[in-house]
Amino acid sequence: MLVEGYDELNFALASGLQPQSLLTAPDLATQTIDISKTELLTVSRSVFEKISYRDNPDGWLGIFPIPKVSIEGIKLSTTPLVIVAESIEKPGNLGAILRTADAAHVDAVIVCDPLVDIWNPNVVRASRGTLFSVPTVEAENSAVLEWLRAKKIQVLAASPSADVLYTEARFDQPAAIAVGTEDKGLTDIKVKIPMMGKVNSLNVSIATALITYEAIRQRS
C-alpha cells in the first residue's frame, strides 16, 4: 500500500509498520524522516508530483506491506466502544470516520462489506494517518456479529426509522455504533438523529461523529 505525507508516514511508523521503501523529493520535503535499513529513493519534484495523490504534496511517500490484522486481535478496554462501518463506499467518508475514532479514542473500527479498499491511499489521506492509530479491521457481518455477542457488546445502529433519539440511548456499557447500510441482524437498538429539514439523513461520517461523541459525553 502507498502512504503519502510526512504526518501519515509517522503515524504508520509509530504503529510499528516498516516500509519496504521511501520516496522523497528534496525540493518539496521540508522535514526529514530517518529510517535505517529502508531503501530511500530520491526523485525530482516533477516526478514526485506525477506519483502523488495530492494537489500539494510534501515530498514524502512510503510503500508498505499491507498489515495482517483480524478481529480476533483487537484488544478491548474495560468498557469498549467500537465503530462498525457497513458498506462504506467513499474513501473520504471512511477516512473521516477514522479521524473521529482517533479523536474519541474508540477501541476499534470494524469495516463490514466494504465498497472501498481500507488500505486505499485515498483512505490513508482522508484519515490523515489515523488509519494506523486506531485498530482497524475488515470482517464479514456474520463474523462481526458473533464476535460482538461473545464480547457482550450491544449494537446501536443509526436509522431514520428509529423511535429512540441517540441522546436517549445508553452508552455507558460496552457498545458498538453501527453506521452505513442498515442490517437487522447486526442491530440490538436503533437510534435516530433529529432531522428537522427536508432530508431524512446525514452524511455517514457526520452521523458517526455525533453518536460517538454522545457516547463520550455520557461516559465522562
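Things to note:
- Only one of the listed residues (Ser77, Ser46, Ser21) is in the same structural domain as Gly180 (by TED's automatic domain parsing) and either surrounded by fewer than 21 Cβ atoms within 10 Å (Cβ to Cβ) or over 29 Å from Asn203 (Cβ atoms) (or both). That residue is Ser77.
- Out of Ser70, Ser52, one residue alone is hydroxyl-bearing (Ser, Thr, Tyr), surrounded by 13 or more Cβ atoms within 10 Å (Cβ to Cβ) and under 22 Å from the mean Cα position of the chain (by Cα). It is Ser52.
- Checklist (1) of a type outside the set (Val, Ile, Thr); (2) touching a strand residue (DSSP E or B) at 6+ places or on another chain (Cβ under 9 Å); (3) in a loop (DSSP other than H, G, I, E, B); (4) under 30 Å from Met195 (Cα atoms) applied to Leu156, failing item: (3)
- Matching residues in region 117-139 - criterion: being part of a loop (DSSP other than H, G, I, E, B), touching a Lys or Arg at 6+ places or on another chain (Cβ under 8 Å) and over 17 Å from Ala178 (Cα atoms): Ser127, Arg128, Thr130
- Output for region 80-125, where each listed residue is surrounded by 23 or more Cβ atoms within 10 Å (Cβ to Cβ) and in contact with a Gly (Cβ under 7 Å, 6 or more places away or on another chain): Ala85, Ile88, Val123
- Note on region 192-220: residues that are hydroxyl-bearing (Ser, Thr, Tyr), farther than 11 Å from Ala104 by Cβ and surrounded by 15 or more Cβ atoms within 10 Å (Cβ to Cβ) total 1.
- Of the criteria (1) touching a helix residue (DSSP H, G or I) at 6+ places or on another chain (Cβ under 6 Å); (2) assigned to a loop (DSSP other than H, G, I, E, B), which one Gly95 fails: (2)
- Strands (runs of 3 or more DSSP E) enclosed by region 1-87 - at least 3 residues per element that are of a type outside the set (Val, Ile, Thr), more than 30 Å from Tyr213 (Cβ to Cβ) and out of contact with any helix residue (DSSP H, G or I) (no Cβ under 6 Å at 6 or more places or on another chain): 21-24, 39-42
- Exactly one residue among Ala209, Ala162 is in a helix (DSSP H, G or I), over 22 Å from Gly73 (Cβ atoms) and not polar (S, T, N, Q), and that residue is Ala209.
- Pairs with Cβ under 9 Å, 6+ apart, first in region 15-38 and modelled with pLDDT under 90, second in a loop (DSSP other than H, G, I, E, B): Ile35/Gln18; Ile35/Pro19; Lys37/Gln18; Thr38/Gln18; Thr38/Pro19; Thr38/Gln20
- Phe132 passes every criterion in (1) aromatic (Phe, Trp, Tyr); (2) within 19 Å of Pro80 (Cβ to Cβ); (3) within 18 Å of the chain's Cα centre (by Cα) apart from (2).
The values are calculated or read from the model by the stated rules, or taken from the named source; none is laboratory data. Predicted, not measured: the structure shown is a model, and the values here were computed from it. As a convention, Cβ positions derive from the backbone with ideal geometry for all residues, glycine included, and neighbour counts pool all protein chains shown.
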